[in-house]
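Quick notes on the structure that follows.
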């Protein structure tokens, strides 16, 4: 008990006048409050004492220099990780009628303002989501999870061509060929990833009727079965196959 009294006496002692000792005293004062939480009665008293008071900075706008300093300070400040439960609670708090924009739409002037505010913003320029994030985003919008889902009326071929895995296959074919048409040798422009062995033939031979079966078929995703062609050469190739 005496030891506790000595500690409280040391913490509550008046600040020393010596500058060096004052810094030590200030640090001890700061450390003495770390990890401590105010009781509910103290919080209630603090709340009552501030009721009806007008904040000193109400109606006063920060200068452009102050805003710039705040922006730099927040950019360099690491954000604490949020747990999954916290994210779910934040999402639920803005769902349906709880959302301040529920049933409302932005005006044309608001859209123009938002567009102008983003002009010149290079924060996300050249940024690509990691592969695991892209796959997760694709899975979250697949099938009946999609807002445009109409009960699965799209043909299998169209579903496969719209899938994330198919777009990745097309991208790999383009990168391997350096975005050059393998017929006319022109780089860039409107390109297509053409199947050397026809798309429909692979579907027929492997009896594929669903996107899940297509994802399990290794022949579908073999980049050696793909070739980069420009739109003109691609049309010629399909016309030649019909003859």
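Put a dot 7 Å past the Cα of residue 62, heading toward its Cβ, do the same for residue 163, and the two dots end up 4.9 nm apart. Rounded to the nearest 10 degrees, the angle from helix 131-140 to the longest Cα principal axis of the chain is 80 degrees. Taking other Cβ atoms within 10 Å as a rough exposure proxy, 179, 220 sort from fewest to most as 179, 220.
The mean of 1/r over all distinct Cα pairs in the range 156-242, once inverted, gives the Kirkwood hydrodynamic radius of 13.4 Å. Note on residue 49 and residue 22: the model spin-label points, each 7 Å out from Cα along the C-beta direction, lie 2.4 nm apart.
For the range 79-190, the gyration tensor built on C-alpha atoms gives a prolate shape. Its axis ratio a/c (a ≥ b ≥ c) is at least 1.5, and a/b is the larger of a/b and b/c. Across the chain, C-alpha contacts under 8 Å between residues 6 or more apart give a mean separation that, scaled by the residue count, equals a relative contact order of 12 percent.
Extending 7 Å from the Cα toward the beta-carbon at both residue 115 and residue 213 defines two label points whose distance is 4.6 nm. The C-alpha atoms of the chain define a longest principal axis, and helix 108-118 lies at about 80 degrees to it.
Among the listed values (1) 21.2, 70; (2) 31.7, 103; (3) 17.7, 50, the one computed from these coordinates for Rg and Dmax of the Cα atoms in Å is (2). For residue 200 and residue 76, what does the FRET efficiency come to when R0 = 35 Å and r is the distance between their Cβ atoms, rounded to the nearest 0.05? About 0.05, to the nearest 0.05. Ordered by the count of other Cβ atoms within 10 Å of each Cβ, fewest first, 108, 164 give 108, 164. Which angle from 0 to 90°, rounded to the nearest 10, does the C-alpha axis of helix 64-76 make with the longest principal axis of the chain? Between helix and principal axis, roughly 70 degrees.
For the pair the range 179-243 / the range 66-117, the C-alpha centres are spaced 43 Å from each other. Ranked by the mean number of other Cβ atoms within 10 Å of their residues, highest first, the peptides 52-61, 110-119, 223-232 come out as 223-232, 110-119, 52-61.
Bear in mind these aren't lab numbers, they're just calculated from the coordinates by the rules spelled out. In this text the structure is predicted, and so the values were computed from the model without any measurement. All Cβ positions, glycine included, derive from the backbone under ideal geometry; neighbour counts span all protein chains shown.
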